[in-house]
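Structure first, commentary second.
The values are calculated or read from the model by the stated rules, or taken from the named source; none is laboratory data. The shown structure was predicted, so the numbers you read here are calculated from the model rather than taken from an experiment. Every residue, glycine among them, receives a Cβ derived from its backbone with ideal geometry; neighbour counts consider all protein chains shown.
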Amino acid sequence: MVKKKVTVKNEAGLHARPSSVLVKTASKFDSDFYISMYGYKVNGKSILGVMTLAAESGAEMELIFDGPDEEEALKIISELFENKFQPN
């Protein structure tokens with residue numbers, strides 16, 4: 001299991017488009033993926049789960065991965081947050 005704290009950097013927060021990019025990217029990995037924020041823990045591969053967080057710009061959350069490709073998943077998903085969910 002690997003964990004990392006990240007901050008939502010895009011101005012509009014984690015609204016529909018970045019949430020769908022996050023879920024679509026996370027779904028490519030075999031590892032389980034959860035997001036912990038404000039005492040809630042949601043499945044990071046569920047669009048509904050991610051949207052219920054209503055994460056605004058500047059919100060801090062913890063990414064949690066557990067599985068065979070957890071290190072790679074953590075790296076790629078962390079980069080999404082760093083790049084404000086913009087394609088490289």
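Brief remarks follow.
- Checked against (1) free of Cβ contacts under 8 Å to residues at least 24 places away in the same chain; (2) not in a strand (DSSP E or B), Leu74 passes all but condition (1).
- Hits in the stretch 43-68 (condition: β-branched (Val, Ile, Thr), at pLDDT 95 or above and more than 10 Å from the chain's Cα centre (by Cα)): Ile47
- Within the option set Glu56, Glu72, being acidic (Asp, Glu) and out of contact with any Phe, Trp or Tyr (no Cβ under 8 Å at 6 or more places or on another chain) holds for one residue only, Glu56.
- Check on Lys75, at pLDDT below 95, among the charged types (D, E, K, R) and either more than 19 Å from Asp30 (Cβ to Cβ) or surrounded by fewer than 15 Cβ atoms within 10 Å (Cβ to Cβ) (or both): no
- Some residue of the stretch 52-71 being in a helix (DSSP H, G or I) and either touching a His at 6+ places or on another chain (Cβ under 6 Å) or of a type in the set (S, T, N, Q) (or both): yes
- Phe81 within 11 Å of the chain's Cα centre (by Cα), of a type in the set (Phe, Trp, Tyr) and not in a strand (DSSP E or B): yes
- Unmet requirement for Glu56, which otherwise passes all of (1) in contact with a strand residue (DSSP E or B) (Cβ under 7 Å, 6 or more places away or on another chain); (2) under 16 Å from Lys84 (Cα atoms); (3) among the acidic types (Asp, Glu): (1)
- Strands (runs of 3 or more DSSP E) contained entirely in the stretch 1-50, each with at least 1 residues that are free of Cβ contacts under 8 Å to residues at least 40 places away in the same chain, more than 14 Å from Gly67 (Cα to Cα) and of a type outside the set (Val, Ile, Thr): 32-37, 40-43
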